[in-house]
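Asker: Submitted below is the structure of interest, expressed as structure tokens.
The values are calculated or read from the model by the stated rules, or taken from the named source; none is laboratory data. For clarity, every value in this text was computed on a predicted model and none was experimentally measured. Note that each Cβ is placed from the backbone with ideal geometry, even for glycine, and that neighbours are counted across all protein chains shown.
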Amino acid sequence: MRLWWVELRRLFGRRFTRLALLLLIGLVAAMVVSAGYGSRKTSENDLARAEQAAAQERSDQRARCETAHAGGAATPQRDRSAAPSPTVPASASASAAPRVSATPRTTATPSTSATPRTTATPSTSASAGARALATPTPASTATGSGTAPVGSLEPPLPGEFDGVDCATITYPTATDMMDHRTFSFRDEMPARAAFLAALLALVGYLVGASYVGAEWQHGTMAGLLLWEPRRVKVYVAKLFALFAGLIAVGVTTYAVGFAAHWAVADLLGDAGGVTRGLQGSLGLVVVRGIALALAIAACGFAIAYAVRLSAAALGAAIAYIVGAEIGLRVLTQESQRWLLTENITAWLNRGTKIYLSDCDSTGRCTEKILDLTMWQGGAYVGGLALVLAVVAAIVFARRDVT
Amino acid sequence: MAAAATRLGSRDTVPASSTTAPAIEIQGLRKTFRRGLGARHVALDGLDLVVEPGRVHGFLGPNGSGKTTTIRALLGLVRADEGTMRLFGHQVPEALPDVIRHIGAVVESPQFFPHFSGRRNLRLLAQTAGVKRRRVDEVLEIVGLHDRAKDAVKAYSLGMRQRLAIAATLLKEPSLLILDEPNNGLDPAGIREVRDLMRGLADGGVTVLLSSHILAEVQQVCDSVSIVSRGRHVVTGPVAEVLAAGASGDVRVRVEDAEYAATVLTEAGLPVRRDGELLIVSDVADPSWITQVLARRRLFVSELTPIGADLESVFLDLTGTTPVPGRSGQVGEPFAAGLGAPPRTDGKPPPPPRHATAGPAETPQRREADNDGQDRA
Ligand SMILES: Nc1ncnc2c1ncn2[C@@H]1O[C@H](COP(=O)(O)OP(=O)(O)OP(=O)(O)O)[C@@H](O)[C@H]1O
Ligand SMILES: [Mg+2]
């Protein structure tokens, strides 16, 4: 009881810990800056312009769609004498971004394409506006006659509008046509919170390793054991001190991180839509993120403790990244299931999918999806930390301290 | 340091299981270190040691003879392979958690966190054992580090670190103080202060185990000594007795007419050597007999000094490490004085040169002066 408190004080008295905390503060600050950078609130003007642009784009698409259905694929081709061949799909991807994404969207039925969009108000109003604008546009009249104005549009690709009811094209929306970035707390914070967990884990690993490694390297462990000879107690006290420190730092970092991001969103972006549900899920990200940081920190702590060298933890990390994350991934796809990155991702993102392509000898490949659930990922990372921590404790309890 | 030492009586109770239990009791301690692949090294080979409470006990032995290893085993830092150890009657390492708060120890150049100040290092230790904060400043005062307590330990000199280490052992107000080469790096004042400190503590009932190579120091401060060699016990006893065991029985005589006196003494059957103005008479059981013999020839003795062996020569003799001119003795090599044993390679030491508990009865040169009273005049 007393011991872990002393250890906690020593932990925060260390220069390395303080440096690591400074690094953490710097990284969080960088995240906040990146959130605010180039972001601005959407004004009435912006919205009107975006809505108009979106409506224009939709009607263009409809015109192209109708051209395609009219079997006029050949007609526009003579107008685009400069372009070599329309069969190359690259020409589509080279054009404006909304159009590219429009391709898969338009094939979907209206109800499906609406699903991710329903929460966004602008799109609804935009499609309403689009309907109003639909009839009198020059483009639609031009389509009927099949004359010159069609030439200003890109010709439809073969099969692009197959099976699409041209009247149901409701994409893009005003949000897609915004000419500036708006940081949205609601949309971006969950991913940023998960990233923060990774930062905490990194700091925890380094601090955990250096904190006990330095004790061995300075030779102070023997001195401490003259005051508390129960080695398991010493070990547990140190681990608890590390955990307590990391929890305190983690909670503070998250609190400051959320507050700063919310402030940025409030000032320069969109701070709306922070519902109970979002708060709850962010809270869970915090819990999972701190739990992850503890597990990773325990790994660094255990390695440095058992080997009696801070650098051992660093070496182990590098060896793991080169050997497993790169080497194994290249050698066998199946092994991805056992990589830390995948399991950590699963834990933080409530599950992840691993795409495996299963190729036979003839070169034919079938894609296989491997589902890694949150609990599988968590159990894997937690189990690894537990095993390392227990092994290190046993090594410490048995080995001579000279 | 010395003045403050008197304030340092042992803590309320000596944690002895029985009042007569020795402070330290070690029997048959063995420890083999494994080095690398399969290589073994016997550091302790059945070592015995008994330290009675309330004394300053010297723990001597050549380099690598296993003193530090013994102390580490006693304090639970090293796991012994065999043997029993007791501190105040409590079996260790099992009972170590209970007795450790009565034991202060400096084990071979102790280390501190270099970036923390001396005071902070001590405070961290004090807190682990619930020692009062005030005590930290007290012990810093005792070892003379009070003014430098705010400095980072990495800025300390060797002797200052050593003083800090001694301060750390005093934090607990120990009943047993184990000092492994505490004089390492200390200046003359520091050495004397540590000596006075040890004496003061011992007078207050604290047991001190002192491992040191400064034999003059040991001879001055210790009540009793143990000498070990190659992981085995060689001799234990009060300093005077150990010295007597090694005493040569030589007597230095100063007399006006040395030439004549030498003849007289030779005639009396005593081996005599000239040493400048002086005579060295060997194998004398009772020096007063020399005065008698000479006085009968009207030769009057102006100085008569028995030449006592000093601890150094006893040590060198008993551990077989007396340097031989023209040959460098190797660490761990027995009988450097050329007693015939070849350097060992098998990892098992031969029996130590002498294995004895010293006492007056064993003084080898004691001989009955059978020609008492004879006079050739
Ligand atoms: N950690 C270790 N690994 C291997 N061998 C060791 C270890 N510690 C000590 N030894 C060996 O054990 C023997 C006894 O060493 P120890 O340190 O006890 O000697 P010592 O009597 O304290 O010597 P000194 O007077 O030089 O301090 C030596 O031969 C040493 O090499
Ligand atoms: Mg030693």
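Asker: For residues that are within 14 Å of chain B (Cβ to nearest Cβ) and loosely packed, with under 15 Cβ neighbours inside 10 Å, scanning just segment A:369-399, find the one that is modelled with the highest pLDDT. If you could, list the steps in order and put the result at the bottom.
Answerer: If we filter segment A:369-399 for residues that are within 14 Å of chain B (Cβ to nearest Cβ), which is where we start, we get A:394-399.
Filter once more, so that each one left must be loosely packed, with under 15 Cβ neighbours inside 10 Å: A:394, A:397-399.
Values: A:394: 96, A:397: 93, A:398: 91, A:399: 92.
Among them, the one singled out is A:394.
Asker: Could you go through segment B:98-115 and let me know if any residue there is basic (Lys, Arg) and within 14 Å of ligand 2 (Cβ to nearest atom).
Answerer: There is no residue in segment B:98-115 that is basic (Lys, Arg) and within 14 Å of ligand 2 (Cβ to nearest atom).
Asker: Does residue A:281 qualify as being assigned to a helix (DSSP H, G or I), of a type in the set (S, T, N, Q) and under 27 Å from residue A:9 (Cα atoms)?
Answerer: Taking the combined requirement at face value, the residue does not satisfy it.
Asker: Further question: Within the bounds of segment A:1-18, is there any residue that is within 14 Å of another protein chain (Cβ to nearest Cβ), surrounded by fewer than 18 Cβ atoms within 10 Å (Cβ to Cβ) and at pLDDT below 80?
Answerer: Yes: segment A:1-18 contains one or more residues that are within 14 Å of another protein chain (Cβ to nearest Cβ), surrounded by fewer than 18 Cβ atoms within 10 Å (Cβ to Cβ) and at pLDDT below 80.
Asker: Within segment B:285-332, count every residue that is within 30 Å of residue B:226 (Cβ to Cβ) and in contact (Cβ under 8 Å) with a residue 40 or more places away in the chain.
Answerer: Adding up the residues that qualify gives 19.
Asker: Taking segment A:237-275 only, how many residues are within 21 Å of residue A:8 (Cβ to Cβ) and either touching a helix residue (DSSP H, G or I) at 6+ places or on another chain (Cβ under 9 Å) or among the aliphatic types (A, V, I, L, M) (or both)?
Answerer: 19
Asker: Select the strands (runs of 3 or more DSSP E) contained entirely in segment B:38-157, then report the ones holding at least 3 residues which are away from every other protein chain (no Cβ under 13 Å) and under 21 Å from residue B:198 (Cα atoms).
Answerer: Per the criteria, B:39-51, B:56-60.
Asker: Please go through segment B:158-180 and give me each residue that is assigned to a strand (DSSP E or B) and more than 16 Å from ligand 2 (Cβ to nearest atom), ordered by number.
Answerer: B:176, B:177
Here is a yes/no grid of residues against (1) modelled with pLDDT under 95; (2) hydrophobic (A, V, I, L, M, F, W, C); (3) touching a Gly at 6+ places or on another chain (Cβ under 8 Å):
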| residue | (1), (2), (3) |
| --- | --- |
| A:229 | yes, no, yes |
| A:242 | no, yes, yes |
| A:247 | no, yes, no |
| A:269 | yes, no, yes |
| A:272 | yes, no, no |
| A:277 | yes, no, no |
| A:280 | yes, no, no |
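Asker: Conditions first: (1) out of contact with any strand residue (DSSP E or B) (no Cβ under 6 Å at 6 or more places or on another chain); (2) among the hydrophobic types (A, V, I, L, M, F, W, C); (3) surrounded by 18 or more Cβ atoms within 10 Å (Cβ to Cβ); (4) over 27 Å from residue A:212 (Cβ atoms). Residue B:189 passes all but one, so which condition is the exception?
Answerer: The one condition residue B:189 does not meet is (3).
Asker: Sticking with this one: Do we find that residue A:239 is away from chain B (no Cβ under 14 Å) and assigned to a helix (DSSP H, G or I) in this structure?
Answerer: yes
Asker: Return only the number of the condition from (1) within 24 Å of residue B:282 (Cβ to Cβ); (2) not assigned by TED's automatic domain parsing to the domain that holds residue B:290 that residue B:253 does not satisfy.
Answerer: Looking at each condition in turn, residue B:253 falls short on (2).
For every residue, the table says whether it meets (1) buried (at least 16 other Cβ atoms within 10 Å of the Cβ); (2) at pLDDT 75 or above.
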site	(1), (2)
A:150	yes, no
A:173	yes, yes
A:176	yes, yes
A:181	no, yes
A:200	yes, yes
A:206	yes, yes
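Asker: Which residue is farthest from ligand 2 (Cβ to nearest atom), if the candidates are limited to segment B:206-241 and must be under 17 Å from residue B:166 (Cβ atoms) and assigned to a strand (DSSP E or B)?
Answerer: Here the residue is B:207.
Asker: Looking at segment A:214-229, is at least one residue on the phi > 0 side of the Ramachandran plot, among the small types (Gly, Ala, Ser) and not assigned by TED's automatic domain parsing to the domain that holds residue A:296?
Answerer: no
Asker: Scan B:88, B:59 and give me the residue that is of a type outside the set (D, E, K, R), within 16 Å of ligand 2 (Cβ to nearest atom) and over 24 Å from residue B:127 (Cα atoms). Steps first, please.
Answerer: Working: B:88 fails: within 16 Å of ligand 2 (Cβ to nearest atom).
Answer to the check: B:59.
Asker: Next question. Does residue B:178 satisfy being in contact with a Leu (Cβ under 9 Å, 6 or more places away or on another chain), within 30 Å of residue A:4 (Cα to Cα), in the same structural domain as residue B:58 (by TED's automatic domain parsing) and within 16 Å of ligand 1 (Cβ to nearest atom)?
Answerer: yes
Asker: Within segment B:58-117, can you find the residues that are within 13 Å of ligand 1 (Cβ to nearest atom), within 14 Å of residue A:401 (Cα to Cα) and not polar (S, T, N, Q)?
Answerer: Selection gives B:71, B:72, B:73, B:74, B:75, B:77, B:78, B:79, B:80, B:107, B:108.
Asker: Shifting gears a bit: I need a count of the residues in segment B:182-205 that are part of a loop (DSSP other than H, G, I, E, B) and either out of contact with any Gly (no Cβ under 6 Å at 6 or more places or on another chain) or of a type in the set (Asp, Glu) (or both).
Answerer: 4
Let's see how each residue does on (1) in a helix (DSSP H, G or I); (2) closer than 29 Å to residue A:190 by Cα:
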| residue | (1), (2) |
| --- | --- |
| A:312 | yes, no |
| A:318 | yes, yes |
| A:328 | yes, no |
| A:336 | yes, yes |
| A:344 | yes, yes |
| A:354 | no, yes |
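Asker: Within segment B:186-216, count every residue that is under 19 Å from residue B:241 (Cβ atoms) and within 16 Å of ligand 1 (Cβ to nearest atom).
Answerer: Adding up the residues that qualify gives 3.
Asker: Same structure, new question: With the requirement that a residue be touching a residue at least 12 places away in the same chain (Cβ under 8 Å) and on the phi < 0 side of the Ramachandran plot, what does segment A:30-48 give you?
Answerer: A:31, A:32, A:35, A:36, A:39, A:40, A:41, A:42, A:46, A:47
Asker: Restricting segment A:212-223 to residues that are at the interface with chain B (Cβ under 7 Å from one of its Cβ atoms) and assigned to a helix (DSSP H, G or I), which is surrounded by the most Cβ atoms within 10 Å (Cβ to Cβ)?
Answerer: Going residue by residue through segment A:212-223, those that are at the interface with chain B (Cβ under 7 Å from one of its Cβ atoms) are A:218-220, A:222-223.
If we keep only those that are assigned to a helix (DSSP H, G or I) too, we end up with A:218, A:220, A:222-223.
Working: A:218: 16, A:220: 21, A:222: 19, A:223: 23.
For segment A:212-223, the residue satisfying everything is A:223.
Asker: Further question on the same structure: Please state which of the following conditions residue A:194 fails to meet, knowing it meets all the rest: (1) more than 26 Å from residue A:25 (Cβ to Cβ); (2) assigned by TED's automatic domain parsing to the domain that holds residue A:274.
Answerer: For residue A:194, the exception is condition (1).
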